[in-house]
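Asks: Input: one structure, supplied below.
The values are calculated or read from the model by the stated rules, or taken from the named source; none is laboratory data. Keep in mind it's a predicted model, so treat the numbers as computed, not measured. Backbone-built Cβ (ideal geometry, glycine too); neighbour counts: all protein chains shown. Protein only, heavy atoms only, side chains kept; ligands, DNA and RNA dropped before computing areas. Shrake-Rupley method; radii C 1.70, N 1.55, O 1.52, S 1.80 Å.
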Amino acid sequence: MKKVEVTAVIGAQELKISTGELAKQAGGSVLVQYGETIVLGTATMGHPLSKDADFLPLLVEYEEKFYAAGKIKGSRFMKREGRPNDDAILTARLIDRSIRPLFPDGMINDVQVVLTVLSYDGENDADVPAMIAACGALMISGIPWQGPLGAVRVGIVDGKMVINPTTQERQESKLDLVLAGTANNITMLESGAREITESIMLDAIEVGQRALGSVVSL
C-alpha cells in the first residue's frame, strides 16, 4: 500500500491525514496530524461474539502514552503505563457516541477502534484529531459504516468564534463545544459554557458545522 496524504487548513492550523505507513495489518489505519499533535487510528472487525447477540460489541480505546509528550513514567525499574486517566476514558466515550449511530442496524460483529497519541505538542489537544482518525480508519477499513464524519472544537475568545482553539485559548474561552458530523448533519455534540445566550450557542454550532464540511471533504 502506497502512502496517501491529504491536507487542509482548519482553523489556524493545517490538518494532515495520511495512510499507508503504519499498522498495515489492521483493517484500516490513519495518521492524523494537527499542529505537531499526531494520532494513529486503527479499525478492525472480527466475527460475531455470539450468534444470538442483540447488540453491537464496539470497543473504542483511546491511549495517551507518556512518550507522546517526551516523558517516561515510573521508577528505574517500573516503566509500564498505568490505567487510562479520566480524560482518556471520556475521550473514548466521546468517539464512541460519534461513530456508533452510523453502523448498520442489526450488526453484531466485534469491532475495535484504537486511537494512540504518538505526539502531543502541548498546544493542540489530541481528542479532535483522534475522532477524525477513528472516522478515517473506519472509512478505509471495509467495515460496514455509513461515514464519513468530521470533528471540530469551537471556542469563543475575546468575543470571536475560534475553530480548534489551543490549550491556552480554551482556558480563556467562554465556550467549549465539540461537534462530530458532516456539513449537513450532526451526530454528536458536547459542550460546556460560561453563561452564553442561546443565539450565541446556535451561531457556534453553525460555525462548527461549516468547518465540519471542510474536514469531511478531505
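Every residue, every condition in (1) in a strand (DSSP E or B); (2) open to solvent by 10 Å² or more (accessible area, probe 1.4 Å), yes or no:
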| site | (1), (2) |
| --- | --- |
| Val117 | yes, no |
| Met139 | no, yes |
| Gly147 | no, yes |
| Glu195 | no, yes |
| Ala204 | no, no |
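Asks: If the Cβ limit is 6 Å and pairs must be 6+ apart or interchain, which residue in segment 52-63 that is closer than 21 Å to Cys135 by Cα pairs with which residue that is modelled with pLDDT of 85 or more and among the acidic types (Asp, Glu)?
Replies: Short answer, once both residue conditions are applied: Pro57/Asp110; Val60/Asp96.
Asks: Quick one: in segment 154-195, which of the residues that are of a type in the set (Val, Ile, Thr) and touching a Lys or Arg at 6+ places or on another chain (Cβ under 6 Å) is farthest from Asp125 (Cα to Cα)? Give the derivation first.
Replies: Going residue by residue through segment 154-195, those that are of a type in the set (Val, Ile, Thr) are 154, 156-157, 162-163, 166-167, 178, 182, 186-187.
Applying the additional criterion that residues be touching a Lys or Arg at 6+ places or on another chain (Cβ under 6 Å) yields 156, 178.
Numbers: Ile156: 16, Val178: 12 Å.
For segment 154-195, the residue satisfying everything is Ile156.
Asks: Could I ask something else about it? Out of Glu198, Glu206, Glu169, Glu190, which single residue is under 18 Å from Ala12 (Cβ atoms) and either more than 19 Å from the chain's Cα centre (by Cα) or of a type in the set (Asp, Glu) (or both)?
Replies: Numbers: Glu198 fails: under 18 Å from Ala12 (Cβ atoms); Glu206 fails: under 18 Å from Ala12 (Cβ atoms); Glu190 fails: under 18 Å from Ala12 (Cβ atoms).
None of the others qualify; the one that does is Glu169.
Okay, residues lined up against (1) more than 19 Å from Tyr34 (Cα to Cα); (2) without any contact (Cβ under 8 Å) to a residue 12 or more places away in the chain; (3) surrounded by 24 or more Cβ atoms within 10 Å (Cβ to Cβ); (4) under 14 Å from the mean Cα position of the chain (by Cα):
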{"residue": "Leu94", "(1), (2), (3), (4)": "no, no, no, yes"}
{"residue": "Leu102", "(1), (2), (3), (4)": "yes, no, no, no"}
{"residue": "Asp121", "(1), (2), (3), (4)": "no, no, no, no"}
{"residue": "Ile163", "(1), (2), (3), (4)": "no, no, no, no"}
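Asks: Another question, if that's okay. If we scan segment 123-133, do we find a residue that is surrounded by fewer than 17 Cβ atoms within 10 Å (Cβ to Cβ) and either on the phi > 0 side of the Ramachandran plot or of a type outside the set (Phe, Trp, Tyr) (or both)? Quick ask: steps written out before the conclusion?
Replies: Residues of segment 123-133 that are surrounded by fewer than 17 Cβ atoms within 10 Å (Cβ to Cβ), as a first pass: 123.
Okay, now just the ones that are also either on the phi > 0 side of the Ramachandran plot or of a type outside the set (Phe, Trp, Tyr) (or both), so 123.
Among the residues of segment 123-133, at least one is surrounded by fewer than 17 Cβ atoms within 10 Å (Cβ to Cβ) and either on the phi > 0 side of the Ramachandran plot or of a type outside the set (Phe, Trp, Tyr) (or both), which makes the answer yes.
Asks: Among the candidates Glu190, Glu172, which residue alone is under 27 Å from Pro101 (Cα atoms) and open to solvent by 60 Å² or more (accessible area, probe 1.4 Å)? Reasoning before the result, please.
Replies: Numbers: Glu172 fails: under 27 Å from Pro101 (Cα atoms).
Only one candidate qualifies: Glu190.
Asks: One residue is enough: does segment 60-68 have a residue meeting the conditions open to solvent by less than 80 Å² (accessible area, probe 1.4 Å), at pLDDT below 80, in contact with a strand residue (DSSP E or B) (Cβ under 8 Å, 6 or more places away or on another chain) and not β-branched (Val, Ile, Thr)?
Replies: Checking segment 60-68: at least one residue is open to solvent by less than 80 Å² (accessible area, probe 1.4 Å), at pLDDT below 80, in contact with a strand residue (DSSP E or B) (Cβ under 8 Å, 6 or more places away or on another chain) and not β-branched (Val, Ile, Thr).
Asks: Next question. Scan segment 22-69 for residues that are closer than 25 Å to Thr7 by Cβ and hydrophobic (A, V, I, L, M, F, W, C) and jot them down.
Replies: Leu22, Ala23, Ala26, Val30, Leu31, Val32, Ile38, Val39, Leu40, Ala43, Ala68, Ala69
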